[in-house]
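Let me begin by presenting the structure, written as structure tokens, before commenting on it.
The values are calculated or read from the model by the stated rules, or taken from the named source; none is laboratory data. Small disclaimer: the values here were computed from a predicted structure and weren't measured. Ideal geometry is used to build each Cβ from the backbone, glycine not excepted, and the neighbour counts take in all protein chains shown. Surface accessibility is based on the protein's heavy atoms, side chains included, excluding ligands, DNA and RNA. Shrake-Rupley method; radii C 1.70, N 1.55, O 1.52, S 1.80 Å.
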Amino acid sequence: MAGKVFFSVSMSLDGFIAPESLGDLMGQQWRELQQWIFPQRFFRENLKLGGGGEEGRDNDIVRETFQRTGASVMGKRMFDAGEQMWPEEAPFHTPVFVVTHTERDPWERPGGTTFHFVNDGIETALDLAREAAGDRDVRIAGGGATILEYVNAGLVDEFSVALSPVLFGSGIRLFEGVDASRVALEQVRSEPSSRATHLTYAVHAR
């Protein structure tokens, strides 16, 4: 049986998941948003940042998210930013399907990540990702606009938010433009840690 379609993001207390400008993606504000994940042992190992790191529920969540993911889908904006920032061994280690209007041959990276560029819309990208993922889950990796497209199309089964104790004031909101008349949520889990509050919801048609 095919797995779930999900997304998992860090979000500020005022509802933002990224700064507006790609140039600010590695800035102080973004680092504060992600401060819960950087010290985790699994995250450090996956990005080859060296030994050590924290263990505990935050680390378990990072590892579980990685292990359940058989393929990812992302938008062109996220890919463009990541292409500049990811190490040579990109941190996905699965097929990644990039929704774009630009034609490009698959881009294979060391460690099992291959980026495929899909010109036929979000549903085609998801169909290809499902096939590649097998019985594992498909993660909608981002960015915010791509996540919103999948939510509004009724194609997301579940999502998790790591609510970070930081305020942005402006930027990219997770649910800016959501079609709330079509989306109903059911809380699955709420887990506080010393660094973040992890919220998980099932998504249903309203």
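Checking VAL96, VAL73, VAL9 one by one, the residue that is in contact with a Lys or Arg (Cβ under 8 Å, 6 or more places away or on another chain), of a type outside the set (Gly, Ala, Ser) and at pLDDT 90 or above is VAL73 and no other.
Rundown of residues vs (1) in a loop (DSSP other than H, G, I, E, B); (2) surrounded by 18 or more Cβ atoms within 10 Å (Cβ to Cβ); (3) touching a residue at least 60 places away in the same chain (Cβ under 8 Å); (4) of a type in the set (Lys, Arg), yes/no style:
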position: ALA2; (1), (2), (3), (4): yes, no, yes, no
position: VAL9; (1), (2), (3), (4): no, yes, yes, no
position: ASP14; (1), (2), (3), (4): yes, no, yes, no
position: TRP30; (1), (2), (3), (4): no, yes, no, no
position: ARG44; (1), (2), (3), (4): no, yes, no, yes
position: LEU49; (1), (2), (3), (4): yes, no, no, no
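Condition check for ARG104 on (1) within 29 Å of LEU185 (Cα to Cα); (2) surrounded by fewer than 18 Cβ atoms within 10 Å (Cβ to Cβ); (3) among the basic types (Lys, Arg): one failure, at (1).
One line per residue, one yes/no per condition, for (1) modelled with pLDDT of 90 or more; (2) of a type in the set (Gly, Ala, Ser); (3) farther than 25 Å from ALA145 by Cα:
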{"site": "LEU25", "(1), (2), (3)": "no, no, no"}
{"site": "GLU32", "(1), (2), (3)": "yes, no, no"}
{"site": "GLN40", "(1), (2), (3)": "yes, no, yes"}
{"site": "GLU55", "(1), (2), (3)": "yes, no, yes"}
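Remark: pairs (first residue in the stretch 150-170, more than 28 Å from ALA205 (Cα to Cα) and open to solvent by 40 Å² or more (accessible area, probe 1.4 Å); second residue modelled with pLDDT of 95 or more and aliphatic (A, V, I, L, M); Cβ separation under 9 Å; 6+ apart in sequence or on different chains) = PRO165/LEU13; PRO165/ALA196; LEU167/LEU13. Annotation: GLY169 fulfils all but one of (1) under 19 Å from GLN35 (Cβ atoms); (2) at pLDDT 95 or above; (3) assigned to a loop (DSSP other than H, G, I, E, B); the unmet one is (2). Confirm whether ALA141 is open to solvent by less than 30 Å² (accessible area, probe 1.4 Å), within 14 Å of the chain's Cα centre (by Cα) and closer than 29 Å to LEU22 by Cβ. So ALA141 fits the description; yes.
Could you run through the stretch 178-206 and say how many residues are touching a helix residue (DSSP H, G or I) at 6+ places or on another chain (Cβ under 8 Å), farther than 20 Å from ALA145 by Cα and of a type in the set (A, V, I, L, M)? The number of residues fulfilling the criteria is 1.
For beta carbons closer than 8 Å, sequence separation of 6+ or different chains, a first residue in the stretch 51-69 that is more than 30 Å from ARG130 (Cβ to Cβ) and of a type in the set (Gly, Ala, Ser) and a second that is open to solvent by less than 60 Å² (accessible area, probe 1.4 Å) and part of a loop (DSSP other than H, G, I, E, B), the qualifying pairs are GLY53/PRO39; GLY56/SER193. Across the stretch 48-76, the qualifying residues are those that are touching a helix residue (DSSP H, G or I) at 6+ places or on another chain (Cβ under 9 Å) and among the basic types (Lys, Arg), and the one among them that is nearest to ARG195 (Cα to Cα) is ARG63.
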